[in-house]
Amino acid sequence: MQEIYDQMWQNAVNKYQLNEFEYDQYLNGKIDTRRGITLLARPTKETRHKIVQFLNEFSDLEPDQYCHPESDLHITIMSIVACREQYELASVQQYREAVQRTLKGVSPFTVVFEGITASPNCVLIQGYTQDESLSNLREGIRQEFSNNQLEHSMDTRYTIKTAHSSVIRYRKPPVDPAKLIAFLRLNKDRYFGEVKITELELVFNDWYQRKENTEVLARFNLNV
């Protein structure tokens, strides 16, 4: 995971220094009907509070950017149906049962949130797992959906390999790009906490996992 995070960081900083930020037009009033189905996990309250503190400090510098509220913070386990325009939810029970099958024998696992990385359009909290539990879980989900008839679009944008949490998205040009870069460098290795994942949520969601647009389809307790 570290190599992926480091490559993202270097690419983003290079872009930032050239003032080549990418802005999300859906956060500037463009109507957003994108919806999908996601299996996700939530950070603990303690970790969420540490992330929110970081976001508040960032907002003091860049008040016009979009910071995910505490209620929306999450780790994507798998984007089962990637968000797309006008997607309509169907076959809910079949999705619940398919995910349930993949979770048989899956035990709780730990994600350590430490440091930040970035892309041209967002800032992410780095998450690290201590073993192959998350990778094995994702592979089990891929295999399950390759063997059933349910619609999915896993790994179409990219093959998910990390345990990051996206927390900031750029809406407008930064007030001061140099200060933004300096702030991110200062917090490059910031520690946000260790989270034991014992519950997963299957949700019908928008692109940003906003609470008001999220419908929880099922909750799954991992074997404790």
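Just so you know, in the range 40-60 the residues that are assigned to a helix (DSSP H, G or I) and of a type in the set (A, V, I, L, M, F, W, C) include one that is surrounded by the fewest Cβ atoms within 10 Å (Cβ to Cβ), and it is V52. When V175, V203, V216 are checked against the criterion of being outside any loop (DSSP other than H, G, I, E, B), exposed (fewer than 14 other Cβ atoms within 10 Å of the Cβ) and hydrophobic (A, V, I, L, M, F, W, C), a single residue qualifies: V216. Go through (1) touching a residue at least 40 places away in the same chain (Cβ under 8 Å); (2) part of a helix (DSSP H, G or I) for I37 and report which single condition fails. For I37, the exception is condition (2). Among the residues of the range 156-167, is there at least one that is assigned to a loop (DSSP other than H, G, I, E, B) and in contact with an Asp or Glu (Cβ under 8 Å, 6 or more places away or on another chain)? Among the residues of the range 156-167, not one is assigned to a loop (DSSP other than H, G, I, E, B) and in contact with an Asp or Glu (Cβ under 8 Å, 6 or more places away or on another chain), which makes the answer no.
Of all residues in the range 104-149, those being open to solvent by 10 Å² or more (accessible area, probe 1.4 Å), outside any strand (DSSP E or B) and either in contact (Cβ under 8 Å) with a residue 60 or more places away in the chain or not hydroxyl-bearing (S, T, Y) (or both) number 19.
Looking at L61, L18, just one residue is more than 18 Å from the chain's Cα centre (by Cα), on the phi < 0 side of the Ramachandran plot and without any contact (Cβ under 8 Å) to a residue 40 or more places away in the chain, and that residue is L18.
The values are calculated or read from the model by the stated rules, or taken from the named source; none is laboratory data. Since this is a predicted model, take the numbers as computed values, not measurements. Here the Cβ is made from the backbone with ideal geometry for all residues, glycine too, and neighbour counts use every protein chain on show. The area values use the complete protein model at the heavy-atom level, side chains included, leaving out ligands, DNA and RNA. Shrake-Rupley method; radii C 1.70, N 1.55, O 1.52, S 1.80 Å.
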